[in-house]
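Chemist: Let me begin by handing over the structure; questions about it come next.
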Amino acid sequence: MAIQTLGLTERKQDDFVVIQPETTYTGAPITPVPKGLPKRTQSLCPECSRIIDAVLSEDDQGRVVMEKTCPEHGNFWDVVYSDVKLYLKMEEWVFGDNRGVENPAVPDAKTCPTDCGLCSMHTSHTGLANIDLTNRCNLTCPICFANANVAGYLYEPSLEQVRFMLQTLREQRPVACRIIQFSGGEPTLHPNWFEILEMAKQMGFSHIQCASNGIKFADFEFTQRSAEAGLHTIYLQFDGVTDDVYLKSRGRPLMDIKLQAIENIRKAGMKICLVPTVVRGLNDHQVGDILRFAIDNIDVISAISYQPVAFTGRINRRDLEKKRYTMSDVALDIHRQTGICDAYYDWFPLACVSPFSKLISALRGELTTHLTPHPHCSLGTYLFVDQKKRAVPVTRFVDVGAMLRDMDLLARKTTKAHAKIFSQIEAFNLLRKHFNEGRAPEGLTFKKFLETLQGLVDKRYGRGEMEKKGFTFKTLMVAGMHFMDHYNYDIERVKRCVIHYAAPNGRLYPFCTYNGGPTFREQIEREFSVPLPVPNGCRPAIGCCAC
């Protein structure tokens with residue numbers, strides 16, 4: 001049963017009522033995430049990009065598959081989740097959509113994903129923003145979705161263009177973006193790298209990150225200067241723990257460079273999120289080794305973001321089936337290879353943290369970043385790692401599901417009429433209620449658990465001197481996010497994307513429209529590119545780093 005109230009809908013989910021907004025801030029209708037199987041959605045033709053209907057269903061192997069037909073190019077089929085049980089679990093932990101932004105660049109959009117930038121139909125604001133600083137790179141990776149070295153032109157925004165893009169993000173309403181990640185190509189090659197970091201810090205971004213292959217960070221002076229300029233976290237390309245993997249995925253041995261970069265980042269006091277691009281048959285056998293490596297280096301590595309490969313170009317059906325790797329494969333393989341995380345018990349979608357941010361907003365009296373992506377975009381868990389490097393999933397000593405539901409209820413109740421002091425006491429009590437100290441890792445008291453939560457949301461407590469003093473317990477976020485390609489494209493996912501690219505034209509694009517689908521990356525880069533420089537009369541190869 002649905003109850004209409006102030007533009008919101010209350011929908012019963014098991015015995016829990018979920019608040020679902022009916023429209024975005026600009027009045028576009030929001031259809032809740034469809035649940036169960038089979039179900040219909042809209043997708044794209046891999047050949048012509050036409051919007052076509054698609055059906056998601058369970059096949060005879062217990063997988064979730066997408067089937068669709070283009071009237072011109074025929075039938076297409078792909079596995080979107082290799083385990084139906086885990087797929088359906090992700091849908092259980094959705095706490096309603098968000099309402100998008102109040103100032104979309106496209107206020108009268110009619111069609112997703114082509115009317116983009118963000119548009120009036122988009123339901124999420126920016127959780128993490130990307131700005132591509134260059135399409136140059138000092139590697140030529142065969143699995144790079146950015147296709148950096150074969151574009152045929154140089155895309156490298158000026159300092160003023162970067163400032164404009166940062167300002168666009170800070171002016172997003174009702175929640176200004178506060179987490180920025182510089183990407184590329186290889187962003188550290190930008191000639192104004194240090195000035196850009198300082199500018200982001202001055203403009204109020206609280207978390208400044210970069211996605212890097214780590215080559216520049218193998219130089220300690222460069223690493224130290226980056227930290228001093230304001231860089232907090234390196235999203236380090238990390239496909240495996242042996243060079244045979246890098247020879248296949250990146251075209252050269254890189255393990256020694258990765259290790260030197262990690263050591264330099266450690267000395268400079270920054271953090272690392274390992275980012276493995278996972279291809280079935282190439283490096284899926286090392287997802288567990290990557291996790292063990294992160295635990296062994298827990299003092300500097302705070303997260304892993306496994307990213308199953310997206311096939312942004314054309315691929316034949318046989319190779320697609322052979323190489324496709326999905327979110328459920330991440331969870332299942334980690335369990336098989338390490339035994340640390342139970343695939344069905346310990347993993348939740350990123351969308352499940354929405355009650356946590358809602359409660360923080362209610363207690364602070366101001367809106368904060370809410371992560372409300374589609375439940376099938378991602379999954380993850382938190383590991384608490386003791387001094388003996390033993391990792392325990394948070395689900396083993398916290399009743400996560402019950403805690404999230406209690407948080408969601410308390411966030412609704414916390415208003416001006418309900419004194420914040422009472423809500424703070426209730427929040428403390430519900431956390432204590434769901435925390436089982438007897439099952440927690442050694443040294444993790446309830447007080448330390450609260451301090452660790454504080455450190456996770458406020459880097460002043462989670463890093464630097466407070467971390468050195470042992471204010472927080474060591475944690476490792478282990479997550480995966482599967483960005484889409486034309487073969488598994490689901491427009492319902494696009495509408496809820498929380499990872500956006502800022503562009504020099506003043507628009508913001510969801511990750512899976514910028515790099516896939518309409519692929520606005522190509523349009524933006526061509527519009528704002530310059531001719532490749534030719535030093536000393538040479539004729540360099542496309543993307544040559546000497547340029």
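Chemist: How long are the three semi-axes of the equivalent ellipsoid for segment 10-145, computed from the Cα gyration tensor as the root of 5 times each eigenvalue, in whole Å, largest first?
Modeler: Numbers: eigenvalues 138, 131, 64 Å².
So the three semi-axes of segment 10-145 are 26, 26, 18 Å.
Chemist: Please work out the Kirkwood hydrodynamic radius for segment 210-284, using every pair of different C-alpha atoms, and report it in angstroms with one decimal place.
Modeler: Working: mean 1/r = 0.0796 Å⁻¹.
Computed over Cα pairs of segment 210-284, the Kirkwood hydrodynamic radius comes out at 12.6 Å.
Chemist: Obtain the nm distance between the two label points defined at V530 and D115 by a simple spin-label model: each point lies 7 Å from its Cα along the Cα-to-C-beta direction.
Modeler: 3.6 nm
Chemist: Right, here's the next one. What is the Cα radius of gyration of segment 84-143 over 2.2 N^0.38 Å, N being its residue count?
Modeler: Values: Rg = 17.1 Å, N = 60, 2.2 N^0.38 = 10.4 Å.
Normalised Rg, Cα atoms only: 1.64.
Chemist: In debye, nearest 20: dipole of segment 85-135 around its Cα centre with unit charges on the Cβ of K, R (+) and D, E (-)? Show your work: numbers first, answer last.
Modeler: On the way: 4 positive and 7 negative charges, 35 e Å.
I would put it at about 160 debye.
Chemist: Here is a follow-up. Say the dipole of the chain comes from +1 at the beta carbon of Lys and Arg and -1 at that of Asp and Glu; which of I19, I524, F164 then lies farthest toward its positive end?
Modeler: The one lying farthest along the dipole's positive direction is I19.
Chemist: Still on this structure: How would you order 463-475, 290-302, 435-447 from highest to lowest mean count of nearby Cβ atoms within 10 Å?
Modeler: Numbers: 463-475: 15.5, 290-302: 18.8, 435-447: 13.2.
Ranking, from highest mean packing down: 290-302, 463-475, 435-447.
Chemist: Please compute the volume of the convex hull spanned by the alpha-carbon atoms of segment 68-117 and report it per residue in Å³. Numbers along the way, then the final one.
Modeler: Working: hull volume 6.9 nm³, N = 50.
Measuring per residue, one finds 137 Å³ for the Cα hull of segment 68-117.
Chemist: Working out 0.36 nm times the residue gap between E437 and F16, then minus their Cα-Cα distance, what length gain in nm do you get to one decimal? It would help to have the intermediate numbers written out before the result.
Modeler: On the way: separation 421, 0.36 × 421 = 151.56 nm, distance 2.67 nm.
Stretched fully, the E437-F16 segment lengthens by 148.9 nm.
Chemist: Given only helices, namely DSSP H runs of n ≥ 4 each adding -39500 (n - 2.57), what is the per-residue ellipticity at 222 nm of the chain, to the nearest 500 deg cm²/dmol? Intermediate values should be presented prior to the final figure.
Modeler: On the way: 18 runs with 168 residues, N = 547.
Computed mean residue ellipticity for the chain: -9000 deg cm²/dmol.
Chemist: Be a star and scan segment 370-402 for residues whose amide nitrogen sits under 19 Å from the point 7 Å along the Cα-to-Cβ vector of T338.
Modeler: Counting backbone N atoms under 19 Å from the label point, the list is 378-398.
Chemist: Given the peptides 189-200, 347-358, arrange them by the average over their residues of other C-beta atoms within 10 Å, most packed first.
Modeler: Values: 189-200: 18.9, 347-358: 23.2.
In descending order of packing, they fall as 347-358, 189-200.
Chemist: Please report D284, D243 as a ranked list, fewest other C-beta atoms within 10 angstrom at the top and most at the bottom.
Modeler: Numbers: D284 20, D243 15.
So the residues, fewest neighbours to most, are D243, D284.
Chemist: Could you list log10 I(q)/I(0) for segment 338-390 at q = 0.12 Å⁻¹, which the Debye formula gives when each Cα is one point scatterer?
Modeler: Debye intensities relative to I(0), on a log10 scale: -0.41.
Chemist: Between R460 and E102, how high is the FRET efficiency from 1/(1 + (r/R0)^6) when r is the Cβ-Cβ distance and R₀ = 30 Å? Nearest 0.05. Please list the in-between numbers first.
Modeler: On the way: r = 29 Å, r/R0 = 0.97.
Efficiency for this residue pair is about 0.55.
Chemist: Here's something else I'd like to know. Mind putting a number on the dipole of the chain about its Cα centre? Charges go on the C-beta only, +1 for Lys and Arg and -1 for Asp and Glu, and I need it in Debye to the nearest 20. Write out the running numbers ahead of the final one.
Modeler: Values: 65 positive and 62 negative charges, 189 e Å.
The dipole magnitude comes to about 900 debye.
Chemist: Report D for segment 267-334 in µm² per second (integer): Stokes-Einstein, Kirkwood Rh on Cα pairs, 37 °C, 0.692 mPa s. Don't jump to the answer; show the numbers that get you there.
Modeler: On the way: Rh = 13.3 Å.
The Stokes-Einstein estimate is 248 µm²/s.
Chemist: Here's another thing I want to ask about it. When Lys and Arg each count +1 and Asp and Glu each count -1, what net charge do the other residues less than 13 Å away from N75, Cβ to Cβ, add up to? Let's see the in-between values first.
Modeler: Details: positive: K68, R317; negative: E47, D53, E67, E72, D78.
Residues near N75 contribute -3 overall.
Chemist: Which translational diffusion coefficient, to the nearest whole µm²/s, is obtained for segment 25-73 from the Stokes-Einstein equation, given a Kirkwood hydrodynamic radius over C-alpha pairs, 20 °C and 1.002 mPa s?
Modeler: My calculation gives 169 µm²/s for D.
Chemist: Label-point separation (nm) for E58 and E221, each offset 7 Å from Cα along Cα-to-Cβ?
Modeler: In this crude label model, E58 to E221 measures out at 6.1 nm.
Chemist: Then there is this: Counting each pair of different Cα atoms once, what's the Kirkwood radius of segment 218-258 in Å, rounded to one decimal?
Modeler: The answer is 11.6 Å.
Chemist: When only alpha-carbon atoms are used, what values of Rg and Dmax, in angstrom, describe segment 172-247?
Modeler: Both quantities, over Cα of segment 172-247: 14.0, 48 Å.
Chemist: Report the Cα-based extents of segment 140-277 along its three principal axes, largest first, to the nearest Å.
Modeler: Largest to smallest, the principal-axis extents are 46, 38, 28 Å.
Chemist: Once you have all Cα-Cα distances for segment 302-447, histogram them in 10 Å bins from zero and send the whole-percent values.
Modeler: Distribution as computed: 10, 30, 31, 18, 8, 2, 0 percent.
Chemist: Once you place label points 7 Å from the Cα toward the Cβ at D386 and E321, how far apart are they in nm?
Modeler: 4.7 nm
Chemist: Taking each pair of distinct Cα atoms in segment 223-359 once, what is the resulting Kirkwood hydrodynamic radius in Å?
Modeler: On the way: mean 1/r = 0.0604 Å⁻¹.
Over segment 223-359, the inverse of the mean reciprocal pair distance is 16.5 Å.
Chemist: How big is the chain by Rg and Dmax over its Cα atoms, in Å?
Modeler: 22.6, 73
Chemist: In addition: Could you order peptides 261-274, 496-509 by the average number of other Cβ atoms within 10 Å of their residues, highest first? Mind showing how you got there, number by number?
Modeler: Details: 261-274: 20.8, 496-509: 23.1.
Ranking the peptides 261-274, 496-509 by packing returns 496-509, 261-274.
Every read-out reported here was derived from the displayed coordinates using simple, explicitly stated rules and does not represent laboratory data. Keep in mind the model is a prediction, meaning the values are calculated, not measured. Neighbour counts are summed over all protein chains in view; Cβ atoms, including those assigned to glycine, are modelled from backbone coordinates with ideal geometry.
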